[in-house]
Amino acid sequence: MLKPGVERERLGLDPKVETGRGKNQELSLARAGDTRWSSHEKTLLRLLALYPSVIDVLEYIETSGEDSAHQSQAHGLQIYMKTFSFVFYLHLVKHILGVTNILGEALQRKDQDILNAVELVRSTKEELQRYQLEGFDSLLKDVTSFCDKYEIEVVNMEDEYVDPKYKRRKTNITNRHHYVVNNFNTVLDMQIQELGNRFNEVTTELLICMSSLSPCHGFSALNKLNLLKLAEMYPYDFTFDEKDKLIYELGNYIANVKEDTRFANLNGVSDLAKTMVETRKHIDYPLVYRLIKLSLVLPVATASVERCFSSMKHVKTELRNRMGDGYMNDSCVCYIEREFLQQVSIEDVMQRFQKMKPRREQL
């Protein structure tokens, strides 16, 4: 915990860093709960800003800790955090999380735009690849500047690398080779490969084709070629003759739904399917309706769905294993939408409770 004024100026803290919550609290590290469904970028930014204060806290625990285990742990952390390697890894991971954070936030949105998400995946991979080719020198400059600021010994990149575990064993590689090849390139390769595995070409193309069915914004994403590709991905659901017929059916369908006001202001493929049944267009365009049904049954779990199922485990515990659906739903909403619930004042809750029915006592 830091207090304003001279202490903040003495530590050289960045004035742009957001303050934390709490009485008399100006700045703090991000809590574990704040990063549960998001990037740890904020945690690393806070750690960089609070670095001297963290070192002071570790020094205090080392000398005045409640037991020897905490003192020993604080001593080890303090030594490691004053090394060039720690500062290097800290800045490297901070940059990677900064690049990927935009993509992470986009994938966490409840109103996901598949096309934008796919483009963000592609641009994120390209930015990581560019950084891998050109970013080491700029990273080294930032690391060196940080080390000079806090009097941390800077490693000479041309000296031979010394393994901290086996200091007497010769490695026959320079520090530059160790940090570039064994660390910088390896970490970025892992990140790029992870993005490639989660969003490979087949999955990406399938998502792009599915997004062409979206009725949002006046069917702006509607693309005939992508829908024909989508049909090709389901060879057992469309015969050769049906694929040929689908070409003409799509042309009529696109011209029809764009002019029909009943299809305006739809929010998703599920709304499109309902409206087609209500207007009986699923009979006029059976092949298009089949494409819509295939896209609906495709198992795609968004981050919001994962949050909901995870929240149920916290709400319905062994001690609270008997609750009605209504109470269960209300409890889950409060747990899932914590960010919005924090904006509701206690006074509003009390007034809402009081107005539900007449009560003997006023809160």
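The values are calculated or read from the model by the stated rules, or taken from the named source; none is laboratory data. Treat the numbers as computed from the prediction; the structure is a model and nothing was measured. For neighbour counting, all protein chains shown are included, and Cβ atoms are generated from backbone atoms with ideal geometry for every residue, glycine included.
Considering region 64-150, the qualifying helices (runs of 4 or more DSSP H), each wholly inside and each with 1 or more residues that are in contact (Cβ under 8 Å) with a residue 12 or more places away in the chain and among the aromatic types (F, W, Y), run over 84-108, 114-134, 136-149.
The set of residues in region 336-363 being exposed (fewer than 10 other Cβ atoms within 10 Å of the Cβ) and within 28 Å of K313 (Cα to Cα) consists of E339, Q342, Q343, S345, I346. When residues in region 185-202 are screened for being exposed (fewer than 14 other Cβ atoms within 10 Å of the Cβ) and either touching a helix residue (DSSP H, G or I) at 6+ places or on another chain (Cβ under 8 Å) or of a type in the set (S, T, N, Q) (or both), 6 of them pass. Scanning region 49-69 for residues that are closer than 18 Å to L92 by Cα and either surrounded by fewer than 17 Cβ atoms within 10 Å (Cβ to Cβ) or small (G, A, S) (or both) turns up just one, A49. Please go through region 150-174 and pick out each residue that is farther than 23 Å from G76 by Cβ and either loosely packed, with under 12 Cβ neighbours inside 10 Å or not acidic (D, E) (or both). N156, M157, E158, D159, K170, T171, N172, I173, T174 - these are the residues of region 150-174 that are farther than 23 Å from G76 by Cβ and either loosely packed, with under 12 Cβ neighbours inside 10 Å or not acidic (D, E) (or both). Among the residues of region 194-206, is any of a type in the set (D, E, K, R) and closer than 19 Å to H282 by Cα? So far as region 194-206 goes, no, none of its residues is of a type in the set (D, E, K, R) and closer than 19 Å to H282 by Cα. Annotation note: Cβ proximity below 8 Å between a residue of region 159-176 that is more than 15 Å from S85 (Cα to Cα) and a residue that is among the aliphatic types (A, V, I, L, M) and at pLDDT below 90 (sequence gap 6+ or interchain) occurs for T171/V162. Against the definition (free of Cβ contacts under 8 Å to residues at least 12 places away in the same chain and not hydrophobic (A, V, I, L, M, F, W, C)), how does N197 come out, yes or no? In short, yes. Listed by position, the helices (runs of 4 or more DSSP H) contained in region 227-288 that have at least 2 residues being at pLDDT 90 or above and among the β-branched types (V, I, T) are 240-259, 269-278. When residues in region 246-262 are screened for being closer than 29 Å to P235 by Cα, touching a residue at least 12 places away in the same chain (Cβ under 8 Å) and of a type outside the set (G, A, S), 10 of them pass. Of a type in the set (S, T, N, Q), under 30 Å from L97 (Cβ atoms), surrounded by fewer than 12 Cβ atoms within 10 Å (Cβ to Cβ) and modelled with pLDDT under 95: is that true of N182 in this structure? So N182 fails the test.
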